[in-house]
Protein chains: 4
Amino acid sequence: MSLVTGDFYSEAIGMYTEFTAILPEESITKKNKGKKYPTLYLLHGGLHDHTSMIRDTKLYKIIGEKFPEIVVIMPNCDFSFFTDYHGDYKYAYKFKSFICDELIEITRALFPLSHKREDTAIYGWSMGGFGAMTAGLNHPETYGYVGTQCGMVNMPWAVATRDFLKVKHSIMFGKDLKVKDTEYDFYYLIDQMINSDGVKPAIFHSRTEEDYLGKINEEFYEYCKELRMDYTTIKTLGIHGWGKDDAGLIGFIEWLSGRMKEEVK
Amino acid sequence: MSLVTGDFYSEAIGMYTEFTAILPEESITKKNKGKKYPTLYLLHGGLHDHTSMIRDTKLYKIIGEKFPEIVVIMPNCDFSFFTDYHGDYKYAYKFKSFICDELIEITRALFPLSHKREDTAIYGWSMGGFGAMTAGLNHPETYGYVGTQCGMVNMPWAVATRDFLKVKHSIMFGKDLKVKDTEYDFYYLIDQMINSDGVKPAIFHSRTEEDYLGKINEEFYEYCKELRMDYTTIKTLGIHGWGKDDAGLIGFIEWLSGRMKEEVK
Amino acid sequence: MSLVTGDFYSEAIGMYTEFTAILPEESITKKNKGKKYPTLYLLHGGLHDHTSMIRDTKLYKIIGEKFPEIVVIMPNCDFSFFTDYHGDYKYAYKFKSFICDELIEITRALFPLSHKREDTAIYGWSMGGFGAMTAGLNHPETYGYVGTQCGMVNMPWAVATRDFLKVKHSIMFGKDLKVKDTEYDFYYLIDQMINSDGVKPAIFHSRTEEDYLGKINEEFYEYCKELRMDYTTIKTLGIHGWGKDDAGLIGFIEWLSGRMKEEVK
Amino acid sequence: MSLVTGDFYSEAIGMYTEFTAILPEESITKKNKGKKYPTLYLLHGGLHDHTSMIRDTKLYKIIGEKFPEIVVIMPNCDFSFFTDYHGDYKYAYKFKSFICDELIEITRALFPLSHKREDTAIYGWSMGGFGAMTAGLNHPETYGYVGTQCGMVNMPWAVATRDFLKVKHSIMFGKDLKVKDTEYDFYYLIDQMINSDGVKPAIFHSRTEEDYLGKINEEFYEYCKELRMDYTTIKTLGIHGWGKDDAGLIGFIEWLSGRMKEEVK
């Protein structure tokens, strides 16, 4: 496979931004001339960047073994929580717009990516889990699959309880800190979704035994498992992270590979 | 020479941040075993990043020809203007602290850099010119040489006239937008400096014929040239940039090389 | 534009190999959804690598100004002269096969490149000029444009006179060092070409005033200018390199842009 | 920690060559101002490159958890087996000289590395295991620790039995293919070593259950375990590689950390 790192100017973020990508190897591309590849957008956690998944996990090897025909795109989104910042310089820091629109458009122009929702997934860890679910639940027309690994799955709770992030939260959500019943409230979004007629993404929810965000993930699990929706969950050993020996990441990639290939049939 | 790109976690910025560096080649290091190298911190402009100077100029070649024994460090500082953000999450976005303290400390720990002020310079283009002058005029104990290339040399003017940046300015300088007579007002800083007994950096001021920031640069030139201080200026062909065929950058590197080598004698 | 660096496994070279590429920016890709881009394969000189053109020239800026809709691919080919090595481990060091086949196939699979010969160019400096002309003259069905910048345009002369490279030449051309009237002899190839009915590449020949390879380039110029073929030449100030202030590189990009856009009409 | 990638010109290899390095993080460097760091030179396998260990293992995370104060240097050495090529262009392809001399000198000039043998280790996987043992057994004055992970530990056997590599072997060892009782024969080198009075490196030998090079590794183990030397071995689950879940790599880093810290006391 090909591991590439590059940058481009993002109008939404208002500056040059970096990305790392895994592209299929020749043995795949040779057999599939002119093919458009399925795509996984993979989002980093807070304090991390676009290179973190290559450094901290065996992502490259896992993709090679489990799903070598997928393209993985890892953008750099700072410690942004992937929201459009409030009250900021109007030409910048629109991270949600970046993830949901501009990144999709640019990467589909630069690489041979399928434009179909059943070929497009978004997943992330911790802060990236929040970003991935936000993108996927608000844009089911773009993403067929969405998932979270030890994710921040309850932002109303975070805003109410994590005082040390107060200033940051006000930049993310506005001075009134309203998150409940908005595009950043997953309970609300799922409630809307199951009552709508529109397309719905399949959801993958990966938890670990000793996650410090375990409580909100267990509550989210209790909520989701009863609903009539396409919901898959796993719980692996490990602290806040990708699961012991990357078990959560491996579980997700195996699930995604199975589901995307099923679609093909 | 060695061209390296990497990243590290910055406590001041609150996330992983990237840098690009030029390190001396073997022919230099062989002759100077155990030597600590002079250092140039080189700051990018707005909308640019740590790789811009490699892409947009012949920096690498110029260093090779004019000053191959210097280490050049180019940090990534977003569209930050190199200030410590006001009202922000307290663990993050302290770009001035990053440039003036943390970056110095980290790079001196990772590379064999001289700790002497007469071996340390900071220079930048446009927004980076503002950052470099802010760092150098406030910290003459760290930097012996400071300079600006088509720089934003009059921030009180910018705050008063560039309305589209109002929100950004309030993040940078606080809601009252006070810049005059502060650590970000170069006229004030220079006035303080020439009346102090402390060490003073040598200043290099590079202007171009058609810079859209030409007016404030010409005014700054008129101000500086009359003062009793170590001030050098050049004016080259070109628009807002590094000068036609990098003339401004070349002029600075030649001047810096001459001055640093003079110190050695 | 997007500047990316990555690697992939090359069967022809027998190992992982790196490349750097310039991809079009959003303003281009937005207007041209689904477009396949014209491509320039740009080859480095001896002792250099895939990053040299970014470091040593203003290529990135020149492309941005003169031809922002082209994709530039710069492979790393060691000090190989872009030949298939003789007497080597049979799974490796097939640099000519790499440039002429595998690289084309892989890059067209990974990026949205036009497959048309009138959208495909190959150019190189010094050793890379030898590689580019070898590729282009032997494969006019792939490349519509071929060129050389201060190139090694007379390999029979090199083999006969550059004794210090004798061992290297025997690896490149076999123990008998036969180059004349082979696929590595440009005089022979051009002679064949002008007498054939097949498609023919347009040739761009860039020379400098003080090139240490000036003699063979002037002789080649004298030979080419009299022939009925699509031949353009420029001579700029400068030593062995890209021309003073990149004049040779700029001349080529301007010519290529003009020619490729003419084709479109 | 800082993950950097760069390149420099190697006189021994005769071209620009790349490296990746892990440098200590601020929390380490702050406590140890002016410290010279212990160093691990880590060599890739055949068909791989300097980035492979970052992609294929959790090296970065393992170093962070087990030995964050070490610097890890990973050079790119092609499919070279880390030997000085025979019959080659005399200015190039001296990979053994590169590893044993030039790389040491350059990295010690560019980074704050300890020059002591008790702070210097070399390790490698497969082909890199051959390179690491070759370097360490021939240069005990440089390396205090040497090791091999699923390594090619018996080159006389390889030359005698691996016919498909015959041409490559003749480039590496000369036309007569003499390896036995030379600087590339580990049995011979160890025999010399235990009968000498000089300093001796500690040896770490990591094997896996299903390595296709298992036979020669078991034989080497049988040989070493009886000798009076500083020899440590582990055998983990896994095929030819770093051990299941990187067990071999983790075992080595834990051993090295313990041994180097013991030295300090």
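For the reader, a short list of remarks on this structure follows.
- For D:His240: the one exception among (1) open to solvent by less than 40 Å² (accessible area, probe 1.4 Å); (2) within 20 Å of D:Ala135 (Cα to Cα): (2)
- Residue match in the range A:235-256 (condition: basic (Lys, Arg) and not in a helix (DSSP H, G or I)): yes
- Some residue of the range C:117-139 being touching a Pro at 6+ places or on another chain (Cβ under 9 Å) and without any contact (Cβ under 8 Å) to a residue 60 or more places away in the chain: yes
- Among the residues of the range C:70-84, those identified as on the phi < 0 side of the Ramachandran plot and buried (at least 20 other Cβ atoms within 10 Å of the Cβ) are C:Ile70, C:Val71, C:Val72, C:Ile73, C:Met74, C:Pro75, C:Asn76, C:Cys77, C:Phe79, C:Ser80, C:Thr83.
Here is a yes/no grid of residues against (1) under 17 Å from D:Thr83 (Cβ atoms); (2) assigned to a loop (DSSP other than H, G, I, E, B); (3) acidic (Asp, Glu):
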site: D:Tyr143; (1), (2), (3): no, yes, no
site: D:Val153; (1), (2), (3): yes, yes, no
site: D:Pro156; (1), (2), (3): yes, no, no
site: D:Leu165; (1), (2), (3): yes, no, no
site: D:Ile171; (1), (2), (3): yes, no, no
site: D:Lys180; (1), (2), (3): yes, yes, no
site: D:Asp191; (1), (2), (3): no, no, yes
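- The range D:135-145: number of residues that are over 16 Å from D:Tyr231 (Cα atoms) and buried (at least 23 other Cβ atoms within 10 Å of the Cβ): 1
The rows are residues; the columns are (1) at pLDDT below 95; (2) in contact with a Gly (Cβ under 8 Å, 6 or more places away or on another chain); (3) open to solvent by 30 Å² or more (accessible area, probe 1.4 Å).
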residue	(1), (2), (3)
D:Arg162	yes, no, yes
D:Lys166	yes, no, yes
D:Asp181	no, no, yes
D:Asp185	no, no, no
D:Gln192	no, no, yes
D:Tyr212	no, no, yes
D:Asp230	no, no, yes
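- Taking (1) touching a Pro at 6+ places or on another chain (Cβ under 9 Å); (2) within 21 Å of C:Leu59 (Cα to Cα); (3) in a strand (DSSP E or B) in turn, B:Tyr41 satisfies each apart from (2).
- Any hit, the range C:43-50, residues being touching a residue at least 40 places away in the same chain (Cβ under 8 Å) and within 14 Å of chain A (Cβ to nearest Cβ): yes
- Among the residues making up the range D:157-171, those that are touching a Leu at 6+ places or on another chain (Cβ under 9 Å) and within 17 Å of D:Met133 (Cβ to Cβ) are D:Ala158, D:Val159.
- Restricting attention to the range A:9-22, the residues that are over 20 Å from the mean Cα position of the chain (by Cα) and touching a residue at least 40 places away in the same chain (Cβ under 8 Å) total 3.
- Boolean, B:Tyr91 is facing another protein chain (nearest Cβ under 9 Å), more than 21 Å from B:Leu165 (Cα to Cα) and either at pLDDT 95 or above or in contact with an Asp or Glu (Cβ under 8 Å, 6 or more places away or on another chain) (or both): yes
- Members of the range B:30-42 found to be farther than 30 Å from B:His169 by Cβ and more than 9 Å from chain D (Cβ to nearest Cβ), listed by number: B:Lys31, B:Lys36, B:Tyr37, B:Pro38, B:Thr39
- When D:Lys175, D:Lys168 are checked against the criterion of being within 14 Å of chain C (Cβ to nearest Cβ) and closer than 20 Å to D:Ile99 by Cα, a single residue qualifies: D:Lys168.
- Of the residues in the range A:51-69, none is away from chain C (no Cβ under 14 Å), without any contact (Cβ under 8 Å) to a residue 24 or more places away in the chain, open to solvent by 10 Å² or more (accessible area, probe 1.4 Å) and assigned to a loop (DSSP other than H, G, I, E, B).
- Members of the range B:12-29 that are open to solvent by 10 Å² or more (accessible area, probe 1.4 Å), more than 7 Å from chain D (Cβ to nearest Cβ) and either outside any strand (DSSP E or B) or modelled with pLDDT of 90 or more (or both): B:Ala12, B:Glu18, B:Ser27, B:Ile28
- Within the range B:101-131, the set of residues being crowded, with 20+ Cβ neighbours inside 10 Å and among the small types (Gly, Ala, Ser) comprises B:Ala109, B:Ala121, B:Gly124, B:Ser126, B:Gly128, B:Gly129, B:Gly131.
- Single match in A:His115, A:His139 (criterion: within 14 Å of chain C (Cβ to nearest Cβ) and out of contact with any Phe, Trp or Tyr (no Cβ under 9 Å at 6 or more places or on another chain)): A:His115
- Considering residues of the range B:214-228 that are of a type in the set (D, E, K, R) and part of a loop (DSSP other than H, G, I, E, B) only, the residue surrounded by the most Cβ atoms within 10 Å (Cβ to Cβ): B:Glu226
The values are calculated or read from the model by the stated rules, or taken from the named source; none is laboratory data. Quick caveat: nothing in here was measured; it's all calculated off a predicted structure. Because the Cβ atoms are built from the backbone with ideal geometry, glycine has one as well, and the counts that use them run over all protein chains shown. Surface accessibility is based on the protein's heavy atoms, side chains included, excluding ligands, DNA and RNA. Shrake-Rupley method; radii C 1.70, N 1.55, O 1.52, S 1.80 Å.
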